[in-house]
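S.K.: Mind looking over this structure? Questions follow.
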Amino acid sequence: MAIIITDECINCGACEPECPNTAIYEGAADWKYSEGTSLKGLVKLPNGMTVDADKEHEPVSDELYFIVPDKCTECKGFHDEPQCAAVCPVDCCVPDDDNEETEEQLLAKQDFMHN
């Protein structure tokens with residue numbers, strides 16, 4: 001499953017540079033699938049949706065740091081644990097029960113984004 005940042009976030013920014021998928025953004029920041037990945041142009045995501053990887057998307061949150069679920073792999077393929085959760089001083093980076101994925105799915109997503 002993806003990780004989410006709860007409303008207990010203090011906006012310290014410790015999580016953002018730790019994400020190997022560039023899935024974490026500061027509140028109110030636009031984001032792209034291509035940022036921090038090898039994705040370019042029109043791509044079909046593992047969930048079946050086709051997107052323009054270079055198109056800017058609106059922020060998931062206007063106030064707090066946020067994680068783009070389609071880019072989050074819980075650091076599978078990079079680290080043994082989610083790095084955002086490891087560095088968060090208030091433990092607000094938690095599993096997202098609405099975006100459950102198997103380890104196999106997370107590793108396939110990581111491979112898709114970086115190869």
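S.K.: Would you kindly derive the ³J(HN,Hα) couplings of the range 26-32 from the backbone phi angles with the Karplus curve 6.51 cos²θ - 1.76 cosθ + 1.60 (θ = phi - 60°), listing them in order in whole Hz, with x for Gly and Pro?
M.R.: 5, x, 6, 8, 5, 9, 9
S.K.: Please give the length that would be gained between His57 and Asn99 if that part of the chain were fully extended, namely 0.36 nm times their separation in residues minus their C-alpha to C-alpha distance (nm, one decimal).
M.R.: 13.2 nm
S.K.: While we're looking at this one, here's another question. Which whole-number percent is the relative contact order of the range 25-115 (Cα, under 8 Å, 6+ apart)?
M.R.: 30 percent
S.K.: Right, something else. When a/c reaches 1.5 or more, the comparison of a/b and b/c decides; with that in mind, is the range 16-115 rounded, prolate or oblate per its Cα gyration tensor?
M.R.: oblate
S.K.: Once every DSSP H run of n ≥ 4 in the chain is given -39500 (n - 2.57) and the sum is divided by its residues, what mean residue ellipticity at 222 nm do you get, rounded to the nearest 500 deg cm²/dmol?
M.R.: The per-residue figure over the chain is -4000 deg cm²/dmol.
S.K.: Can you tell me the order of 77-90, 36-49 when each peptide is scored by its average per-residue count of other Cβ atoms within 10 angstrom, highest first?
M.R.: Packing order, densest peptide first, comes out as 77-90, 36-49.
S.K.: Through the Karplus equation 6.51 cos²θ - 1.76 cosθ + 1.60, θ set to phi - 60°, convert the phi angles of the range 98-112 into ³J(HN,Hα) values in whole Hz; use x for Gly and Pro.
M.R.: 7, 10, 7, 9, 6, 4, 4, 5, 5, 5, 5, 5, 4, 4, 4
Laboratory data are not the source of any read-out in this text; all were calculated from the coordinates shown. Every value quoted in this text rests on a predicted model; they were computed, and no experiment measured them. Glycine also receives a Cβ, built like all others from the backbone with ideal geometry; neighbour counts cover every protein chain displayed.
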